[in-house]
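Below is one structure; the comments refer to it alone.
The values are calculated or read from the model by the stated rules, or taken from the named source; none is laboratory data. If you're wondering where the values come from, they're calculated on a predicted model, not measured in any experiment. No Cβ is skipped: glycine too gets one built from the backbone with ideal geometry, and neighbour counts run over all protein chains shown. Areas reflect the complete protein model, heavy atoms only, side chains present, ligands, DNA and RNA absent. Shrake-Rupley method; radii C 1.70, N 1.55, O 1.52, S 1.80 Å.
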Amino acid sequence: MDDAAAPLQRPAPAGATRAPQRRQAAFGFIFASALMNSVSFGIMIPILPNLIRQFTGGDTAAASEWNMVFGASWGLMQFFVGPILGMLSDRVGRRPVLLISFFGLAVDFLFMAFAPSLWWLYVGRILNGMTASSFSTAGAYLADVTAPERRAKSFGMLTSAFSFGFIIGPTIGGVLGEHSLRLPFLAAAAITAVNWFYGLLILPESLPPERRLKAFNWARANPLGSLRLLRGHPGLLGLAGVGFLFQLAQIVLPTIFVLYTTYRYGWTPGVLGLTFLLTGVLGVIVQMFLVGPAVAGLGERRVVLLGLLAGASGFVWYGAASVGWAYLLGAPIFALSGLIMPGLQGLMTRRVSPSAQGQLQGANQSLQGIASIVGPLIFGETFAWSLRHQASLHSPGLAIYLSAGLLTLGFLLALRTAHAPAPERPAA
């Protein structure tokens, strides 16, 4: 019997059929919680910068600077708190950590909804970054309840939930924000509160006591300590490096996309909204319907390499497109970069034991936090520099080309490290 399914089985005459049902129910909750969480985060995308600008008295430049501080601080919290929650879930189980994180998110959104000043809003954003680290625990839960050979497909489904949320969320935020800039935060708090209550009633534990860590180790729970886990398993550090390069390259889009397309193509907010919809739908199609067959037919290694090549090619296309319609033609190519993380997660989770899945996801979240801190600085400054030298450089897409280069480095690194590990041994 597959050892990944064992945690959810209980002795019963119909035990052979109950385990898959419970595993499917558990995956359904994780998918639903990822969807609701990403919707709640997406709600803030069109609202938070405007609320910051309102607190700065309508000063757009000051609001832009504060927005950068908010983003970097959020990433910093991910960097520090992600490993702690990941190891805590290895020690006490996934369920309590997920429930505490969901409840904390609901409180954070309420905190921001009623923030009387910019500094209160900033504190709420810090708390949000801390509790948003539940994503790493959700990934560990998914690894617990999914057989190793099916993890890439399951992580693809989980990623599609995030994509769905970031299609729906900004739309809800924009509509509610027309009435009040505070109302979207209340909606986000309600969604996460429902998520917490839903989990409180039905979520089973995925990690049985015999597979948990015997003691919480603070030396490994700090960000640098958690990264030691990546060095302790063959090929794991290289795979994490590929994931970091991908996460860093992706930061270019939220950092400069609106400014870049407005400057180069003259896109209006309506066109931008349709573009978000198009790219989001393409991402969902790849993650829900293509990842599984691609992994089954090509294997995780080839899927990762294909995704990296597609992502690099898509970025080059975006940087070279001189008109808006040409930019959109590159969207289907770039959408194939959605193959990267499910394939990487499938390879990485098979290299560590069940009691270290939370540590692994926490380490990955720390790397994502680093990317969220340094990415806006790199790409924002590169874009500004390219505009100041536009008369001689003639390349407003320089920052996007830089992202293509990062994915090319990721491809070369994956050639060396993205190999399937030896088959897992069944549990004793």
- prompt: Going by the conditions given, is residue 278 part of a helix (DSSP H, G or I) and either open to solvent by 30 Å² or more (accessible area, probe 1.4 Å) or within 27 Å of residue 152 (Cα to Cα) (or both)?
  reply: yes
query: Do you know which residues across the stretch 323-377 are part of a helix (DSSP H, G or I), open to solvent by 30 Å² or more (accessible area, probe 1.4 Å) and at pLDDT 90 or above?
result: 325, 328, 329, 332, 333, 336
statement: Of the conditions (1) modelled with pLDDT of 75 or more; (2) crowded, with 24+ Cβ neighbours inside 10 Å, the single one that residue 170 does not satisfy is (1)
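Listed here are the residues, each with its yes/no results for (1) among the aliphatic types (A, V, I, L, M); (2) more than 19 Å from residue 188 (Cβ to Cβ); (3) without any contact (Cβ under 8 Å) to a residue 12 or more places away in the chain; (4) surrounded by fewer than 22 Cβ atoms within 10 Å (Cβ to Cβ).
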| site | (1), (2), (3), (4) |
| --- | --- |
| 78 | no, no, no, no |
| 81 | yes, yes, no, no |
| 86 | no, yes, no, no |
| 91 | no, yes, no, yes |
| 96 | no, yes, yes, yes |
| 101 | no, no, no, no |
| 104 | no, no, no, yes |
| 109 | no, no, no, no |
| 113 | yes, no, no, yes |
- line: Only one of (1) at pLDDT 85 or above; (2) surrounded by 24 or more Cβ atoms within 10 Å (Cβ to Cβ); (3) in contact with a Lys or Arg (Cβ under 9 Å, 6 or more places away or on another chain) does not apply to residue 294, and that is (2)
- request: Could you tell me whether any residue of the stretch 168-184 is in a helix (DSSP H, G or I), farther than 30 Å from residue 71 by Cα and of a type outside the set (Lys, Arg)?
  value: no
statement: Of (1) open to solvent by less than 70 Å² (accessible area, probe 1.4 Å); (2) closer than 18 Å to residue 258 by Cα; (3) aromatic (Phe, Trp, Tyr), residue 401 fails just (1)
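Quick check: is even one residue across the stretch 104-114 at pLDDT 80 or above, not in a helix (DSSP H, G or I) and not small (Gly, Ala, Ser)? Step through it out loud before you land on a result.
The first filter runs over the stretch 104-114 and keeps only residues at pLDDT 80 or above, leaving 104-114.
Next cut, not in a helix (DSSP H, G or I) only: 114.
Still in the list and also not small (Gly, Ala, Ser): 114.
Yes, the stretch 104-114 contains at least one residue that is at pLDDT 80 or above, not in a helix (DSSP H, G or I) and not small (Gly, Ala, Ser).
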Residues of the stretch 337-355 that turn out to be of a type in the set (Ser, Thr, Tyr) and within 17 Å of residue 284 (Cβ to Cβ), as a count: 1
message: Show the residue pairs meeting these rules: Cβ distance below 7 Å; 6+ apart or different chains; first residue within the stretch 352-370 and touching a residue at least 40 places away in the same chain (Cβ under 8 Å); second residue open to solvent by 10 Å² or more (accessible area, probe 1.4 Å) and of a type in the set (S, T, N, Q).
response: 367/247; 368/247
field: Output for the stretch 115-145, where each listed residue is open to solvent by less than 10 Å² (accessible area, probe 1.4 Å) and of a type in the set (Val, Ile, Thr)
entry: 137, 145
field: Qualifying residue in the stretch 150-166 (condition: assigned to a helix (DSSP H, G or I), over 16 Å from the mean Cα position of the chain (by Cα), surrounded by fewer than 23 Cβ atoms within 10 Å (Cβ to Cβ) and without any contact (Cβ under 8 Å) to a residue 24 or more places away in the chain)
entry: yes
- line: Within the stretch 236-278, residues under 30 Å from residue 345 (Cα atoms), touching a residue at least 60 places away in the same chain (Cβ under 8 Å) and among the β-branched types (Val, Ile, Thr) come out as 242, 251, 252, 255, 256
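Within the stretch 229-243, which residues are modelled with pLDDT of 80 or more and open to solvent by 50 Å² or more (accessible area, probe 1.4 Å)?
Going through the stretch 229-243, the residues modelled with pLDDT of 80 or more turn out to be 236-243.
Result: 237, single match.
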